[in-house]
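The values are calculated or read from the model by the stated rules, or taken from the named source; none is laboratory data. Just so we're clear, the structure is a prediction, and the values are computed from it rather than from any experiment. Reconstructed Cβ throughout: ideal geometry from the backbone, glycine too, with neighbour counts over all protein chains shown.
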Amino acid sequence: MKRTMAESINTSLRDAMTADPTVVVFGEDVGALGGVFRVTDGLTADFGPQRCFDTPLAESGIVGTAVGMAMNGLRPVVEMQFDAFAYPAFEQIASHVAKFGNRTSGRVRLPMVIRVPYAGGIGGVEHHCDSSEAYYAHTAGLTVVTPATNADAYGLLRASIESPDPVVFLEPKRHYFTKEEVDADLPVPPIGRAVVRRSGADATLIAYGPSVPVALAAAEEAAQDGVDLGVVDLRSIVPFDDETVCAQVRRTGRAVVVAEAPGFASVASEIAARVSERCFHHLEAPVRRVTGFDVPYPPPKLEHHHLPGVDRVLDAVDALGWEYAA
């Protein structure tokens, strides 16, 4: 059946709440309103205000409350509403959510999910379109997941809720209302495994979340010029699937990383470094990155210049040195 990503996430939450009475959902406007993107629509009506409820506009309090719940037998799923709204909660995330398992030598686990609608492409203003994945990826103790397809949005969220440890679940909000065919019978994908969305022989595009459709569109356009690009969708940033990524890069000898976040000290930088270290003797050219610019997120009328697009990806592919290819 066809579903939007918002519907897939809603169904995932609904199925998890039905299967496990300890799963609770809360955050700003997630109750009666159903969230600003209607991702939690109908959950309060169906499960009651004890299982899905609104909170004050206090992100640090939302996450801190979830920590206490997770310590005492519940599985909270909290929503940050917008990416940059989560910054006031970052002290709780970095100091407590990420460290509690280590602090207690594994005696106390925190099975909780922090849902963060993130990234741009919606014409949003400041604090509504950040790509903040590097903050979470750099914080040891967190699992960081970001789906690119509606099927993965369903399956990866189920896997995240079932995880015994905290997961930051990054949702590419520009894809909330894109419809795709979703097979309800597909098994839940494991966290930490990338997937090859398109096999290619000439170069590998590595992307995640909102950048995967861009990479696929670039591969389609390159094919018209006889260039065969593969696309790897990471799905999980932490843990990182070196095996799948490097297997593809070793086949092609060339790689481009595509991500919306600014490039300096980014997840894209880490991917490029890991690929360079592990695939050095197979590379025919340096690993390229196509990212957002190192500036605060621009006003809506300028975001199309800021976000990596097909043309910028293909320019990076051209820079891999095809004139030297055998």
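Across segment 111-165, the number of residues qualifying as of a type in the set (D, E, K, R) and outside any helix (DSSP H, G or I) comes to 4. Looking at segment 187-296, the strands (runs of 3 or more DSSP E) lying wholly inside it that each contain 1 or more residues that are more than 24 Å from residue 130 (Cβ to Cβ) sit at 195-198, 203-207, 229-233, 255-262.
Every condition in (1) under 22 Å from residue 267 (Cα atoms); (2) surrounded by fewer than 23 Cβ atoms within 10 Å (Cβ to Cβ); (3) in contact with a Cys (Cβ under 9 Å, 6 or more places away or on another chain) holds for residue 127 except the one numbered (3). Report yes if some residue within segment 60-77 is at positive phi and either outside the structural domain of residue 25 (by TED's automatic domain parsing) or of a type in the set (A, V, I, L, M) (or both); otherwise report no. Checking segment 60-77: not a single residue is at positive phi and either outside the structural domain of residue 25 (by TED's automatic domain parsing) or of a type in the set (A, V, I, L, M) (or both).
Okay, residues lined up against (1) farther than 23 Å from residue 220 by Cβ; (2) modelled with pLDDT of 95 or more; (3) touching a Gly at 6+ places or on another chain (Cβ under 8 Å):
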site: 271; (1), (2), (3): no, yes, no
site: 277; (1), (2), (3): yes, yes, no
site: 287; (1), (2), (3): no, yes, no
site: 324; (1), (2), (3): yes, no, no
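Note on segment 77-91: residues that are touching a Pro at 6+ places or on another chain (Cβ under 8 Å) and either farther than 10 Å from residue 62 by Cα or of a type in the set (Phe, Trp, Tyr) (or both) amount to 3.
Pairs are defined by a Cβ separation below 7 Å, a sequence spacing of at least 6 or placement on different chains, a first member in segment 225-246 that is more than 16 Å from residue 287 (Cβ to Cβ), and a second member that is assigned to a helix (DSSP H, G or I) and modelled with pLDDT of 95 or more; the pairs so defined are 227/317; 233/212; 235/152; 235/156; 237/133; 237/137; 237/267; 238/137.
Residues in segment 1-28 that are outside any helix (DSSP H, G or I) and touching a strand residue (DSSP E or B) at 6+ places or on another chain (Cβ under 6 Å) were compared, and the one that is farthest from residue 66 (Cα to Cα) is 2.
Every test in (1) farther than 17 Å from residue 114 by Cα; (2) buried (at least 20 other Cβ atoms within 10 Å of the Cβ); (3) touching an Asp or Glu at 6+ places or on another chain (Cβ under 7 Å) is passed by residue 2 save one, and that test is (2). Pairing residues of segment 142-163 that are of a type in the set (D, E, K, R) with residues that are part of a loop (DSSP other than H, G, I, E, B) and surrounded by 24 or more Cβ atoms within 10 Å (Cβ to Cβ), at Cβ distances under 7 Å and at least 6 apart in sequence or on separate chains, gives 152/235.
Filtered by the rule that a residue be part of a loop (DSSP other than H, G, I, E, B) and farther than 30 Å from residue 301 by Cβ, segment 80-110 gives 98, 99, 104, 105, 106, 107, 108, 109, 110.
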